[in-house]
Amino acid sequence: MKSDEIRSSYLDFFEARGHRIVPGSSLIPYGDPTLLLTSAGMVQFKPYFTSKAVPPSPRVASCQKCFRTTDIDCVGDATHCTFFEMLGNFSFGDYFKKEVIPWAWEYVTQYLKIPQSRLWITIFRDDDEAFAIWRQTGVLENRIVRLGGKDNFWGPAGNSGPCGPCSEIHYDLGEKYGCSKPDCKPGCDCKRYTEIWNLVFIEFDQDENGKRTKLPKPNIDTGMGLERVSAIMQGKSSIYDTDLFAPLIQKVADLAGKKYGSDNVADNAMRVVAEHSRGIVFLLADGVMPTKEGRGYVLRRLLRRAEYFGETLAHENLFLTTVAEEVIKNMGSLYPELIANHKHILHVIESETNGFRKALPVGRGILENTIAQLNTRKGKSKVISGYDAFVLHDTYGFPIDLTKEIATSRGLSINMVGFEQEMEKQRERAKASQKYGVAGNATSSLEAELEGEPTNFVGYQKMSSDATIISLLTDGESVGVVREGQEASLTLDATPFYGEMGGQVGDTGEIKSASGRFFVTDTVRTAIGIIVHRGKVLSGNLSAGDTVQAEVDNERRLDIARNHTATHLLQYALRQVLGKQAQQRGSLVTPERLRFDFSHLVAMMPEETQKVQRIVNEKIRQNLEVYAEEMSYQKVLEQGAIALFDEKYGDKVCALKIGKPPVSFELCGGTHISATGQIGFFHIVSESSIGSGLRRIEALTGRGAEEYFEKLSGEWQEIAKAVDATNEGVKEKVIDAIAVLDAERKQRQAVEKELARKVAESLVAEEIKGVKVVLAHVPSLPPQVLRDMSDLLRERLKSVIIVLGTVYEDKPSFLAAVTQDLVSKGYNAGNIVREVAKVTGGGGGGKPTMAQAGGKDKNKIDEALRLVRKLI
């Protein structure tokens, strides 16, 4: 049975039993800070399990792409993957054990037709209910094994969330894979039994402290690994022999010029390249980019690990892009995002692997040298220091797990405590930068715990509406009333205020009741769609249950709308100029400006930036209609709409179109103007890098652009006045002034160079302990001229130590130089100049042959130079 058939039959089976088939979510979990990547089918359903949101159906089933990093070191054996597909069926307070257990047994034995004699069941040690149902289903008592919490209690996906006991179906691979013990059964450490389906009985919600609370209704979360089931259904002992991997393995073997199955080391390398290629392709397709942290670091680890093993197979060949193309060809029909991002995926892989290939020989040489030094130490601990491992990781791009892997193969270990300490030092040095969204706009813990239906947002149609206060929060607790002067958060049953989402900042405005006025300074949205209004009571008081009038600051909203619609036109223009691989990776839309982050490997050329700007302004002048349509998620994807990778969409989505036929068609729930002409004008202020393969454009529209050009015009007039020119003649006058300055600068440099030559010729060396030394307090000269002077002295005296001091820009400055023959005798320019500069309250350093330093007290230069004799 082919993997495609298994996937289809599973979903068909549960659809026939009342389940809605829902699309799998992105590998980037939406609104879940506890998870780096989607690691299970239930991740997108967590709010439904805890009854914090209403599911589209009480029964759903899906095929979810998943990624786990815990098994990365095991990749290459028969069963472990980083990327895999998880088939799952879920119940949100609908059915429970007595339904799901018989269905699981029916599907496995009657649809997959796996012999009952090859199947075993495990249950949580105290789960008598599950035991009884399995027995009623027809499973023999001696085929049901009770295990402890380590094996049969499913913890939350992340630090907190839904959890509960589980029951697993295991497949018996046969005695030849076992340990030969008479009591061998699931739970044994041997590899005879492989789990194929996990039925989790979700009964608890676990908080970050490990406390479990009983859920209002029990739920079902099951997971069947497609790769493992495919191996069983295709009679293979390894997932790498199935139709999911065999074409990739063959492609790697062909490119490497090797035969799979003839060499264990090469076979393992081929499996690693094939497996990692799948993960790399899917991570890139879902919007992850290689970086030094978070998801990006996971991707970079995969890329570099795959490239390392690929390089061991074929030193000269770069073939990761070719294997990636095979992944896209094999899986693109099921996952259209692979085809849509084909060029982008290959570009990033090529760029990353080219860079790593250049660094690999250097990094490997350093690692080999470190290993060689350790191996010469007789009787001493053979541990690579944390610092050495960190330098390999940080400077040469060697992921720590790769260093560990190579070290282990040579019988060495790594001081991981020291490595983590170095990493922590680096984190402290690096300023945390927020690339997307608005700093400080996250919901507070109390706001995040709000429960109920999503707030009815009426702000697309009107800026003012009547509403009822649902809840009030202040000083970290829920209250019934807030009074004048108090800062608070409140929720309404309906609101025209847009809650920050999708990069668009929240609205501000005023909420009034018969007894009080509340100024809204920010509006945010919780993970389940409750809109929270933050602000301060201006007068009187407001109580829960009050009828109020909510009124948005209309001018501010229009400024935001101009910038938001402009981001859609900007994405259209970028894709026209740079190609389809230029995809949105984040945005910020405020009243003052817009920021747009997108995938692109190199800096834009000035002419490209200008072309993008011209296209956007052309569409503004055409005054195209801007309109939203609600339609099914599947339909908008079929029609070619652009969707953000890290967003989670429901069955019904809002699609924004610009123009008829549309030039821009994106999924977007933000607020927009009704025609592009209302934007007025669009101007790009900057285009810059924010990371490997990521660019950022900052731009202005409407009133923001008007204010920007008014400021520029004012500055231009001030410059014109300063250079005594008309507005039209400023450019020529400034160019002439710069030319005069350049000429004077060159003349000054020539004078300084001549002065340096004369001073150098006048200096006489003294001898200290048989070494020629030149010590001099010279006229005020810039650092470069001091270097020129030292070159002249070294050329004339051949073997010499030179220490020069001067006052430049009212501060002491020093230079030390030591010829190579004296460096070999232990003299070091860096050490000398550092000590000299200390006398004047400064410091510095450099190479043994040349070093410079600065100080604070210019009156101590001569005292500092006198120290040289003592140092030598």
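The values are calculated or read from the model by the stated rules, or taken from the named source; none is laboratory data. Since the structure is predicted, the reported quantities are computational estimates derived from the model, not experimental observations. Positions of Cβ are generated from backbone atoms using ideal geometry, with glycine treated the same way; all protein chains shown enter the neighbour counts. Remember, those area values only see protein heavy atoms, side chains included, never the ligands or the DNA or RNA. Shrake-Rupley method; radii C 1.70, N 1.55, O 1.52, S 1.80 Å.
Tabulated data
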quantity	calculated
Positions within the range 832-872 being free of Cβ contacts under 8 Å to residues at least 12 places away in the same chain and farther than 23 Å from S780 by Cα, in sequence order	K870
Helices (runs of 4 or more DSSP H) completely within the range 320-383 that count 1 or more residues being at pLDDT 90 or above, of a type in the set (A, V, I, L, M, F, W, C) and open to solvent by 40 Å² or more (accessible area, probe 1.4 Å)	336-340
Members of the range 689-705 that are among the hydroxyl-bearing types (S, T, Y) and closer than 25 Å to L284 by Cβ	S689, S692
Residues satisfying the stated conditions in the range 234-252, i.e. in contact (Cβ under 8 Å) with a residue 60 or more places away in the chain, open to solvent by 50 Å² or more (accessible area, probe 1.4 Å) and more than 31 Å from the chain's Cα centre (by Cα)	S237, D243
Considering residues of the range 98-119 that are touching a strand residue (DSSP E or B) at 6+ places or on another chain (Cβ under 9 Å) and open to solvent by 30 Å² or more (accessible area, probe 1.4 Å) only, the residue nearest to G164 (Cα to Cα)	E99
Answer residue from the range 503-514, given it is small (G, A, S) and closer than 19 Å to T547 by Cα and is surrounded by the most Cβ atoms within 10 Å (Cβ to Cβ) among those	G509
Residues of the range 118-140 that turn out to be in a helix (DSSP H, G or I) and either at pLDDT below 95 or of a type in the set (F, W, Y) (or both), as a count	2
Residue among V734, V751, V759 that is exposed (fewer than 12 other Cβ atoms within 10 Å of the Cβ), modelled with pLDDT under 95 and assigned to a helix (DSSP H, G or I)	V751
Residue identified as free of Cβ contacts under 8 Å to residues at least 60 places away in the same chain and touching a helix residue (DSSP H, G or I) at 6+ places or on another chain (Cβ under 7 Å) among E629, E592, E608	E608
Test for Y95: is it of a type in the set (S, T, Y) and open to solvent by less than 20 Å² (accessible area, probe 1.4 Å)	yes
Index of the failed condition, I801 passing every other in (1) surrounded by 17 or more Cβ atoms within 10 Å (Cβ to Cβ); (2) more than 24 Å from N859 (Cβ to Cβ); (3) more than 54 Å from the chain's Cα centre (by Cα); (4) in contact (Cβ under 8 Å) with a residue 60 or more places away in the chain	(3)
Residue list for the range 202-216, restricted to those being of a type outside the set (V, I, T) and touching a helix residue (DSSP H, G or I) at 6+ places or on another chain (Cβ under 9 Å)	D205, L215
Among (1) closer than 23 Å to I239 by Cβ; (2) among the aliphatic types (A, V, I, L, M); (3) surrounded by fewer than 16 Cβ atoms within 10 Å (Cβ to Cβ) - the single one L173 does not satisfy	(3)
The range 476-502, residues that are open to solvent by 10 Å² or more (accessible area, probe 1.4 Å) and not in a strand (DSSP E or B)	G476, G480, E484, G485, Q486, D493, G502
Residue count, the range 253-266 (criterion: more than 16 Å from T322 (Cβ to Cβ) and either surrounded by fewer than 18 Cβ atoms within 10 Å (Cβ to Cβ) or in contact with a His (Cβ under 9 Å, 6 or more places away or on another chain) (or both))	6
Cβ pairs under 6 Å, 6+ apart, first in the range 715-727 and surrounded by 12 or more Cβ atoms within 10 Å (Cβ to Cβ), second outside any helix (DSSP H, G or I)	A720/N727
Count of the range 1-50 residues which are in a loop (DSSP other than H, G, I, E, B), open to solvent by 50 Å² or more (accessible area, probe 1.4 Å), in contact (Cβ under 8 Å) with a residue 12 or more places away in the chain and of a type in the set (A, V, I, L, M, F, W, C)	2
Failed item in (1) closer than 27 Å to A750 by Cα; (2) in contact with a strand residue (DSSP E or B) (Cβ under 6 Å, 6 or more places away or on another chain); (3) not aliphatic (A, V, I, L, M), with D788 passing the rest	(2)
